[in-house]
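Data first, discussion second: the structure below is written as structure tokens.
Every number here is computed from the coordinates shown, using simple stated rules; none is lab data. Everything numeric here is computed off the predicted structure, so don't read it as measured data. Ideal geometry is used to build each Cβ from the backbone, glycine not excepted, and the neighbour counts take in all protein chains shown.
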Amino acid sequence: MKVVILAGGLGTRLGEETIIKPKPMVEIGGYPILWHIMKGFSAQGFNEFIICAGYKQHLIKQYFSDYFLHTADVTFDFTHGQNTMTVHHNTVEPWKVTVVDTGYDTMTGGRIKRIREHLGDGTFLLTYGDGVSDVDINALLDFHKARGKTVTISAYNAGQRFGILEIAEDGTVLSMREKAKGDGNLINIGFMACEPALLDRIEGDKTMLEREPFSALAASGELAARCHDGFWQCMDTMRERTLLEGMWASGKAPWKTWSDR
């Protein structure tokens, strides 16, 4: 099953970091947050990725172009006028990665629309390129299939910072709206299971996935939510990056569901 990662935004609140690189390439513990997200999916058996790139997309392509060498010991032999390279002890992950330039100014919905040719006809997974979690992806898929909706999102109690979801007892999303005083705290953290019919709800490049498409799906009873009670953290600011860096350095990163190489 294919995993789509939205990785085209500017990430302006990360200051000097995103002046030189796209937000998903900002590092935690020496690895881009994009790598952390992919490792989480891979640990659960999902190894085919479509990355919706945009701002400084060439740096994402370059990272994966060099990834095989980054994960290996290498001997470069220039003796006797030769130029040979021998790779030793490679431990590269079994990933298939498609990086698509979905445009500089394209909104989240438009980015998904632009990768239609790569998606095929089956269910696909979708997440954002700036948040890490220990979401059980297989449980999410079971939930999604059992309810038969167009999209199932992962809902999380993250306080009053984000917009609000209203969810029925069976998991159907009744509405999505901006936060208001007295509202509950469940928000969409990504880690979604989607059917190709989602693309029919997206008009074009200027469509934000989280507005018209999801609101229309909620209104028609085609949007479900599975509550996640574990860990989730986005990386919108330098403070949040520092928080994640500290967790990783301590050896107690809750999103690290994979074993070391």
Review point. Hey, got the dipole for the chain? About the Cα centre, +1 on K and R Cβ, -1 on D and E Cβ, debye to the nearest 20?
Key: 280
Review point. Quick one: what do you get for the stretch 24-179 if you divide its Cα Rg by 2.2 N^0.38 Å?
Key: 1.31
Review point. Gain in length, MET238 to GLN82, computed as 0.36 nm per residue apart minus the alpha-carbon separation, to one decimal in nm?
Key: 51.5 nm
Exercise for review: Assign one of three labels to the stretch 1-113, namely rounded, prolate or oblate, based on the Cα gyration tensor with a ≥ b ≥ c the square roots of its eigenvalues; rounded applies when a/c is under 1.5, prolate when it is not and a/b is larger than b/c, and oblate otherwise.
Suggested key: prolate
Check your understanding: If you take the Cα atoms of the chain, find Rg, then find the Kirkwood Rh from the mean of 1/r over all pairs, what is Rg/Rh?
Key -> 1.00
Check your understanding: With a 10 Å Cβ neighbour count serving as the proxy for reagent exposure, in which order, fewest first, do VAL135, VAL87 appear?
Key -> VAL87, VAL135
